[in-house]
1. Filter region 25-48 for residues that are touching a Phe, Trp or Tyr at 6+ places or on another chain (Cβ under 7 Å) and over 12 Å from residue 66 (Cβ atoms) and give the result.
2. For residue 24, indicate whether it is under 16 Å from residue 126 (Cα atoms) and among the acidic types (Asp, Glu).
3. Take the residues in region 81-133 that are among the hydroxyl-bearing types (Ser, Thr, Tyr) and outside any helix (DSSP H, G or I); name whichever of them is surrounded by the most Cβ atoms within 10 Å (Cβ to Cβ).
4. From the list 142, 152, which residue is under 18 Å from the mean Cα position of the chain (by Cα) and either more than 22 Å from residue 11 (Cβ to Cβ) or of a type in the set (Val, Ile, Thr) (or both)?
5. Are any of the residues in region 66-86 at negative phi, under 13 Å from the mean Cα position of the chain (by Cα) and not hydrophobic (A, V, I, L, M, F, W, C)?
6. Among the residues of region 137-150, is there at least one that is surrounded by 14 or more Cβ atoms within 10 Å (Cβ to Cβ), within 30 Å of residue 98 (Cα to Cα) and β-branched (Val, Ile, Thr)?
7. When you go through 43, 34, 61 one by one, which is the residue that is touching a helix residue (DSSP H, G or I) at 6+ places or on another chain (Cβ under 6 Å) and basic (Lys, Arg)?
8. Looking at region 47-56, can you tell me whether even one residue there is among the polar types (S, T, N, Q), part of a strand (DSSP E or B) and within 20 Å of residue 135 (Cα to Cα)?
Amino acid sequence: MTEQLAGHLPEHALHGVSQLLRQDNLTVKIKQERKTKHGDYRRLQNGKHQITINGNLNPYRFLITLIHEIAHFEAFAHYGLTIKPHGIEWKRTFQRLMLPFLNPAVFPNTLLPLLAKHFKNPKASSDTDTQLALALKQFDAPNNKTYIFEVPLGANFKLYNGRIFKKGNKRVKRFECVEVKTGKLYLFNPNAEVEIINQK
């Protein structure tokens with residue numbers, strides 16, 4: 001397991017993660033990119049517990065995602081299966097498990113203040129924390145994607161599934177965007193990744 005994770009985690013996080021996985025008897029599978037999630041945890045029919053993580057994540061996002069999923073297992077094991085998936089029990093478990101990794105040996109100094117702020121009240125997805133998501137993106141492999149908030153007003157953009165939208169105004173926290181084909185209005189998080197369509 002350690003060898004499998006070595007290329008995906010920050011070097012100084014490997015020992016701590018390996019200990020957690022051994023202690024909880026969890027298996028981790030590396031998956032190809034899934035557009036709708038970075039990772040998940042599930043109890044298998046044979047009674048074992050499995051975590052899957054997208055293999056294309058940068059080491060810092062990979063670590064956050066892995067600890068997020070381990071926290072699901074530990075929260076359910078400790079508090080029972082009736083708790084909310086991202087309720088207070090999970091938040092406290094996530095905070096406790098993440099704390100040993102929040103140091104300069106594991107994360108760059110530029111990320112640590114943003115992580116400290118995020119983990120005061122962790123969200124169901126780090127992607128909804130715009131500042132943190134933007135900071136983490138700097139460590140991704142280059143791609144042709146742009147965040148919604150960077151798309152010019154009135155410009156067209158494309159989603160991973162090929163659907164095309166026109167960007168509209170911001171409504172409180174999210175942007176109103178109209179699907180070109182149907183005329184339907186949708187709300188997008190500012191840090192949703194899209195591909196701008198160059199209009200001639």
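1. 35 - this is the single residue of region 25-48 that is touching a Phe, Trp or Tyr at 6+ places or on another chain (Cβ under 7 Å) and over 12 Å from residue 66 (Cβ atoms).
2. On the way: under 16 Å from residue 126 (Cα atoms): no; among the acidic types (Asp, Glu): yes.
Judged against the criteria, residue 24 is not a match.
3. First, the residues of region 81-133 that are among the hydroxyl-bearing types (Ser, Thr, Tyr): 82, 93, 110, 125-126, 128, 130.
From the residues that got through so far, the ones that are outside any helix (DSSP H, G or I) too are 82, 110, 125.
On the way: 82: 6, 110: 10, 125: 14.
Across region 81-133, the extreme among qualifying residues is 125.
4. Working: 152 fails: under 18 Å from the mean Cα position of the chain (by Cα).
The conditions single out 142.
5. So in region 66-86, the residues at negative phi come out as 66-79, 81-86.
From what is left, the residues that are under 13 Å from the mean Cα position of the chain (by Cα) are 66-69.
Subset that is not hydrophobic (A, V, I, L, M, F, W, C): 68-69.
Yes: region 66-86 contains one or more residues that are at negative phi, under 13 Å from the mean Cα position of the chain (by Cα) and not hydrophobic (A, V, I, L, M, F, W, C).
6. Scanning region 137-150 turns up at least one residue that is surrounded by 14 or more Cβ atoms within 10 Å (Cβ to Cβ), within 30 Å of residue 98 (Cα to Cα) and β-branched (Val, Ile, Thr).
7. Working: 43 fails: touching a helix residue (DSSP H, G or I) at 6+ places or on another chain (Cβ under 6 Å); 34 fails: touching a helix residue (DSSP H, G or I) at 6+ places or on another chain (Cβ under 6 Å).
Matching residue, one of 43, 34, 61: 61.
8. yes
Every read-out reported here was derived from the displayed coordinates using simple, explicitly stated rules and does not represent laboratory data. Note that the structure is predicted; figures quoted are calculated from it, not measured. Methodologically, a virtual Cβ is constructed for each residue, glycine included, from the backbone with ideal geometry; neighbour enumeration extends over all protein chains shown.
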